[in-house]
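The values are calculated or read from the model by the stated rules, or taken from the named source; none is laboratory data. All of these numbers come straight from a predicted model, not from anything done at the bench. Cβ: placed from backbone, ideal geometry, glycine included. Neighbour counts: every protein chain shown. With ligands, DNA and RNA removed, areas are computed over all heavy atoms of the protein, side chains included. Shrake-Rupley method; radii C 1.70, N 1.55, O 1.52, S 1.80 Å.
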Amino acid sequence: MCERTVRFNEINEIKEFVSAACRCNFDIDVVSGRIVIDAKSILGMLSLNWEEELRVVYEEQYLNTQLSCS
């Protein structure tokens, strides 16, 4: 598993993140404490405290993939 941290300042950033995640053909999870949310779920992402630092977790085979998957 690979992990990166993100922080969002505006709701539009969350919308762009979810849109990019939806274009990827692999699973991406966002972790906040003990809560794990599917990064492709706009409702799930909006339910998090997005002003704190969040962890993005995905399979290691996609390590070099940016969240701009086509």
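One residue stands out among those in the stretch 48-61 that are exposed (fewer than 13 other Cβ atoms within 10 Å of the Cβ) and in contact with a strand residue (DSSP E or B) (Cβ under 8 Å, 6 or more places away or on another chain): the one that is modelled with the lowest pLDDT, which is GLU60. Summed over the stretch 26-47, the residues that are open to solvent by less than 70 Å² (accessible area, probe 1.4 Å) and among the acidic types (Asp, Glu) give a count of 1. Counting just the residues of the stretch 12-25 that are within 14 Å of LEU54 (Cβ to Cβ) and out of contact with any helix residue (DSSP H, G or I) (no Cβ under 6 Å at 6 or more places or on another chain), which one comes out surrounded by the fewest Cβ atoms within 10 Å (Cβ to Cβ)? Only one residue fits best here, namely GLU13.
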